[in-house]
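Structure first, then comments.
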Amino acid sequence: MLDLNTVWLKLNYFGLTHKQDFRKWYIILLIAFTVFIVVFAITSATVYLVDIPRRNNLMLAMASSQVDYSTVREINKPVPLQLNDTVIIPSGVGRFDLITKAINSNKSWIASSVDYTYSFNGQEEELSSQKIMNGQEAFLTSLNVSGPTDGGDLNVSMSLQNVEWRRIVKTSDLPRVDFGIDNIAYSSASAGDVIVHRVRASITNNSHLGFWQTKFIVLLYSGNDIVGVNYAYFDNFQSDDTKSISVQWDQIGGAVSGVAILPEIDLLDLNNIMQ
């Protein structure tokens, strides 16, 4: 049987006889730890001092915006508007309508302001402006422009003076527009020496929103060619309301095979939306 008293006495005896050795190793370990701390501190300070210029240069680069973001901007900038050829449509004696289709193929960019001018036979027309929503097309027009009456050459050019873009983060936040267009009827009838062309239709606002002012562009087609353009305007077009449209021309550019009626509503103008 193990005698605990004997074991305890032996341990105490061993400690007393080797007391000087324990003291020596304690001092050695204490010195080694102190040397380690001093060396670590000196090394850290040296590394910190040597690294100061590099860190200063990095801070200066960040402060002066030397990072090149041109590639990112180039990838995310809006695609320019696609413009079709300008169409010249006779609208009367010495009078013409000018129209150009513009396509905004960007899904997240609205052309919030498209400023354009027409030059017709050397005469500069007034500056006009239009908005083109993301992923949609619009028609840039100048109506009832003066021109030659002798059947001379017609020279026209359209130039974009300025295009401002607005990025849409969530396209689902934009108001939804839904107009039902029914009972479209085109007719032509003689009125003295003039043939009057007329389009009638019913337009229903199926949107959940009402609009204080609405504009619709009315296009006459002969095949794929536009031969007539006009506008219809309405005030106080509430949701679920139905209004009748009637527009006419005294002269167009050819036989009519189809009609298109398209809304042109500024969805960025919150003051035009009924609350």
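No lab work stands behind these numbers, since they all come straight from the coordinates. Note that the coordinates shown come from a computational prediction; the quantities given were computed from them, not determined experimentally. Positions of Cβ are backbone-derived with ideal geometry, glycine not excepted, and every protein chain shown enters the neighbour counts.
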Using 26 Å as the Cα-Cα cut-off, could you pick out the over-long pairs in Lys131/Lys170; Lys107/Lys243; Lys170/Lys243?
Lys107/Lys243; Lys170/Lys243
Students often get this wrong, so try it: which of (1) 0.95; (2) 2.19; (3) 1.13 is Cα Rg over 2.2 N^0.38 Å as calculated from the structure shown?
(2)
Cross-link candidates for Lys77: which aspartates and glutamates have Cα within less than 13 Å, leaving aside residues fewer than 8 places away along the same chain?
Glu164
So what's Rg/Rh here for segment 160-199, counting alpha carbon atoms and using the Kirkwood radius for Rh?
1.33
Does anyone have the angle between helix 4-17 and the longest principal axis of the chain? Alpha-carbon axes, 0 to 90°, nearest 10?
90
Per the rule of 0.36 nm per residue minus the C-alpha distance, extending Ile37 to Leu83 adds in nm 9.1 nm
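Which FRET efficiency value, to the nearest 0.05, is calculated for Lys24 and Leu60 with the Förster distance at 51 angstrom and r the Cβ-Cβ distance?
Details: r = 55 Å, r/R0 = 1.08.
With R0 = 51 Å, the Cβ-Cβ based efficiency is 0.40.
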Report, in whole Å, the centroid distance computed from the Cα atoms of segment 41-62 and segment 128-147.
60
